[in-house]
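The values are calculated or read from the model by the stated rules, or taken from the named source; none is laboratory data. Owing to the predicted nature of the structure, the values given are computational and were not obtained by experimental measurement. Cβ placement follows ideal geometry from the backbone for every residue including glycine, while neighbour counts extend to all protein chains displayed.
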Amino acid sequence: MSGIPITTFPDLLAHLDGLQEAAWGAGVDPRLARQLAAARPRLVRLHAHLTGADPVSGPAPRPVPKTLRGDQDLIAGLDEVMTAARAGRALPMALTHYLHNVRHRLNFFLRGGESRLSSRQEPEGDSAATLEAGDRRQQVSLVDRSPFGMGVRAAEPVDTDRIVRLHCRDQNGGDRTYECLTVRCRPDGQGYHVGLEIFTSRLTPS
């Protein structure tokens, strides 16, 4: 069990910021450091969404100093932070699960240069869905999917690093709503390819 106490969200940010500062100056693969840096604002948005907290209130926590000697130390340090966050049992489960996915992404990226958590497959069945971003809704089509995320094609662009809902038919019947973070949005010649990372899923039976 980790010996570091993480019982609040600022505790978590302080340890992650400490890892980030150490990573930039420790010879860590800069791709891993950038992946960790990208995860921080997403965690802040996710925490605000799950708890109703103001994502910009209060001063930034003081980073907890960390010592890293390379890539594996960063992975081990993130493991320790993730274990401590789960042990503290004060943070939403969806938040610690997202942190778990971040750790796997860094590890996969280190091993093979790929930031996706698993291979994407073409969706089966009905590909029509509705993407809800704030008070804006648009019809989209599913392009690819994995256990952790989806790609959709949209007519209009969607801001990255924001919370959205995707409404679609479930493969086994019923209507499913995914809450997601948008991680990319790129024009693809037929509209925009929007990458979504799932953090909650809810099925409404038919």
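Would you check if there is a residue in the stretch 56-65 being surrounded by 14 or more Cβ atoms within 10 Å (Cβ to Cβ), assigned to a helix (DSSP H, G or I) and not polar (S, T, N, Q)?
Looking only at the stretch 56-65, we keep the residues that are surrounded by 14 or more Cβ atoms within 10 Å (Cβ to Cβ), and these are 61, 63-64.
Now narrow it down to the ones that are assigned to a helix (DSSP H, G or I): none.
No, that holds for no residue.
Can you give me the number of residues within the stretch 66-88 that are outside any loop (DSSP other than H, G, I, E, B) and touching an Asp or Glu at 6+ places or on another chain (Cβ under 9 Å)? Give the derivation first.
Quick first cut of the stretch 66-88, residues outside any loop (DSSP other than H, G, I, E, B) only: 71-88.
Checking which are touching an Asp or Glu at 6+ places or on another chain (Cβ under 9 Å) leaves us with 71, 74, 84-85, 88.
Residues that pass the stated criteria total 5.
How many residues are over 14 Å from the mean Cα position of the chain (by Cα) and within 16 Å of Leu95 (Cα to Cα) if we restrict to the stretch 1-52?
13
Residues that are free of Cβ contacts under 8 Å to residues at least 40 places away in the same chain and of a type in the set (D, E, K, R): does the stretch 8-22 have at least one? Working first, answer last.
Looking only at the stretch 8-22, we keep the residues that are free of Cβ contacts under 8 Å to residues at least 40 places away in the same chain, and these are none.
Among the residues of the stretch 8-22, not one is free of Cβ contacts under 8 Å to residues at least 40 places away in the same chain and of a type in the set (D, E, K, R), which makes the answer no.
Only residues in the stretch 29-51 that are without any contact (Cβ under 8 Å) to a residue 12 or more places away in the chain and more than 22 Å from Tyr178 (Cα to Cα) count as the first member; pair them with residues that are surrounded by fewer than 16 Cβ atoms within 10 Å (Cβ to Cβ) and not β-branched (Val, Ile, Thr), Cβ under 9 angstrom, at least 6 apart or cross-chain, and list the lot.
Once the first residue is without any contact (Cβ under 8 Å) to a residue 12 or more places away in the chain and more than 22 Å from Tyr178 (Cα to Cα) and sits in the stretch 29-51, its partners that are surrounded by fewer than 16 Cβ atoms within 10 Å (Cβ to Cβ) and not β-branched (Val, Ile, Thr) give Pro30/Trp24.
Give me the pairs: first residue in the stretch 60-72 and outside the structural domain of Leu106 (by TED's automatic domain parsing), second residue at pLDDT below 95, beta-carbon distance under 6 Å, and six or more apart or on different chains, which are they?
Once the first residue is outside the structural domain of Leu106 (by TED's automatic domain parsing) and sits in the stretch 60-72, no partner that is at pLDDT below 95 comes close enough.
Please specify each residue of the stretch 5-34 satisfying the condition of being part of a helix (DSSP H, G or I) and either surrounded by fewer than 17 Cβ atoms within 10 Å (Cβ to Cβ) or of a type in the set (Ser, Thr, Tyr) (or both). I'd like the intermediate steps shown before the answer.
First, pick out the residues of the stretch 5-34 that are part of a helix (DSSP H, G or I): 9-24, 30-34.
Passing the criteria: Pro10, Glu21, Trp24, Pro30, Arg31, Arg34.
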